[in-house]
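Down below is the structure, laid out as structure tokens.
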Amino acid sequence: MTRAAFERQFNSRTMAYHPEYRSDDRPVLVIFGGAADSPTGHLLTVALVNQLARAHRRIAVIGDLDRPLRCADHFGFGTLEAATIGLARAINPFIDATTSRRGPDGEPLLTIGVAADADIRLGCNGWRAFIGDGVNVDPRPTSGLGAALASCLGAAAAFHRLIGRDEMPTGSFSLWEHGRPSTADGPELLGPVNVGRVLQVGVGAVGCALDYWLGFFSFIGKWVIVDGDFIEVSNLNRQLLFLASDAGFPDCRRANKVETAVRRLDGCASASPRWYGDDETVVGATYDLVLPLANERGVRPALQSRAQTILLHATTTPNWKAIAHRHVAGHDDCIVCRLPEEEAAVFTCSTAPVGIERPMDASLPFLSAIAGLLLLGDLVRLQHGRLLERASNFSSVDLSTPVPFVRELTWTCRDACRVRMPAAARIRRTAGTRFAQLDGDAMVSRETD
């Protein structure tokens, strides 16, 4: 593959999402402050560069990076310098990525400080990302959640600056409140994420982001990941666990998505490199939680038909939104009513045949990243027994401006819904699973006994 072909494919989904997108030769400067030398500060810095490298032509990281990497090392780089500059070059072999004790000559597109003064200074504490003068990085493990959110907001601000929007976010933003401006904090992490036996279907943009964040916090339990797809260069603009070499550059040998993701997670999950439904062992197994993170081949109706107590997932939209979805039986709607698989016939031109309109699979790195992070937050809520505290089952983070706007809604099934299994049969089927007691109909049954 030539450089021109690689760059055309690498940028294709970004341009499909935002047709006015153009690369800018001005560098994004990331300034690593000494107060960020902690596992949390390294997480913030590495995750920020990961997202920036998928949308920007030039990146410079300023500071003393010659030190061992103190956060999870998904790609085996070993040092902070390799996990930032080396990572950027592994994502895009043609990026101009450098490091020094001072910035390059010329005007930067934007300077982003990690616990350091800059155009936008990032910090974190607990579930909260802080942006503004004097903010710092709290080193507690729980603050990794706020660090992850800060990296998404920093990457979003850089992209907005790239397309001519100069507004900068400031203040406190809470992942516990799904990213809205808030000082609300969530519970301390209780060690690794543990939500029992999990079936994750799909390692696309959101699934890849979820696995990326999980890798920083670790997880236990039986976790099975299913996806039959292979990595393409066009995936690299938004799929945080994958590198150019995974997409077959330069040797044209593409890797399977799920096998690559599981390898980057140090084998903490089991890989099923086939489409859901093709492996009877996977379909026939019992799970405590299902994550439907794919949207093709009829997978959503198939997973709804399993009659699980809980389905959790996240999506991105063509209009700058990342959305967290909750489906708890007896409380919320089903996934098919929420996201019906309706394909409408359309005329592509006056003389073309009638076809099926399918939206292009396009997103931006920080949208995929924040969607996966919202889902991780809901997994932690579930682990702490707090998933049902909120009445809403739909949380939308709008990043069409640098300051996120969060909207909460409560969806219900359509009157004509025939997808959800009758309550009595569902309760019998899920008996013995970890979260069966959260089924709203089971709760009513216990109260009336």
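What number of residues in segment 1-50 are in a helix (DSSP H, G or I) and either out of contact with any helix residue (DSSP H, G or I) (no Cβ under 7 Å at 6 or more places or on another chain) or more than 18 Å from residue 156 (Cβ to Cβ) (or both)?
Of all residues in segment 1-50, those in a helix (DSSP H, G or I) come to 3-17, 34-36, 39-50.
Next, only the ones that are either out of contact with any helix residue (DSSP H, G or I) (no Cβ under 7 Å at 6 or more places or on another chain) or more than 18 Å from residue 156 (Cβ to Cβ) (or both) stay: 3-12, 14-17, 34-36, 39-42.
Count: 21.
Yes or no: segment 309-317 includes at least one residue that is more than 30 Å from residue 173 (Cβ to Cβ) and at pLDDT below 95.
So far as segment 309-317 goes, no, none of its residues is more than 30 Å from residue 173 (Cβ to Cβ) and at pLDDT below 95.
Taking the condition crowded, with 21+ Cβ neighbours inside 10 Å and at positive phi, does residue 41 pass?
Values: crowded, with 21+ Cβ neighbours inside 10 Å: yes; at positive phi: no.
When the stated conditions are applied, residue 41 does not pass them.
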Positions within segment 375-428 being touching a Gly at 6+ places or on another chain (Cβ under 7 Å) and assigned to a strand (DSSP E or B), in sequence order: 397, 406
Note on segment 99-139: residues in contact (Cβ under 8 Å) with a residue 60 or more places away in the chain and either polar (S, T, N, Q) or outside any loop (DSSP other than H, G, I, E, B) (or both) are 110, 111, 112, 113, 114, 122, 124, 125, 136, 137
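Kindly evaluate residue 438 against the criterion of being at pLDDT 95 or above, over 28 Å from residue 12 (Cα atoms), surrounded by 15 or more Cβ atoms within 10 Å (Cβ to Cβ) and not assigned by TED's automatic domain parsing to the domain that holds residue 314. Give the steps one after another, and end with the answer.
Details: at pLDDT 95 or above: yes; over 28 Å from residue 12 (Cα atoms): yes; surrounded by 15 or more Cβ atoms within 10 Å (Cβ to Cβ): yes; not assigned by TED's automatic domain parsing to the domain that holds residue 314: yes.
Here the answer is yes, as residue 438 does meet what is asked.
Can you pull out every residue in segment 260-292 that is in contact with an Asp or Glu (Cβ under 9 Å, 6 or more places away or on another chain) and assigned to a helix (DSSP H, G or I)?
Kept after step one, since they are in contact with an Asp or Glu (Cβ under 9 Å, 6 or more places away or on another chain), are these residues of segment 260-292: 260-262, 264-265, 269, 271-276.
If the condition is that a residue be in contact with an Asp or Glu (Cβ under 9 Å, 6 or more places away or on another chain) and assigned to a helix (DSSP H, G or I), then 260, 261, 262, 264 are the ones that fit.
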I'm checking my understanding of the structure. Among residues of segment 310-331 that are under 23 Å from the mean Cα position of the chain (by Cα) and assigned to a loop (DSSP other than H, G, I, E, B), which one is surrounded by the fewest Cβ atoms within 10 Å (Cβ to Cβ)? 319
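Return yes when residue 153 is part of a helix (DSSP H, G or I), in the same structural domain as residue 107 (by TED's automatic domain parsing) and under 23 Å from residue 390 (Cα atoms) and no when it is not.
Values: part of a helix (DSSP H, G or I): yes; in the same structural domain as residue 107 (by TED's automatic domain parsing): yes; under 23 Å from residue 390 (Cα atoms): no.
Taking the combined requirement at face value, the residue does not satisfy it.
The values are calculated or read from the model by the stated rules, or taken from the named source; none is laboratory data. All figures in this text were calculated on a predicted structure; none of them were measured in a lab. Cβ atoms come from the backbone with ideal geometry, glycine included; neighbour counts cover every protein chain shown.
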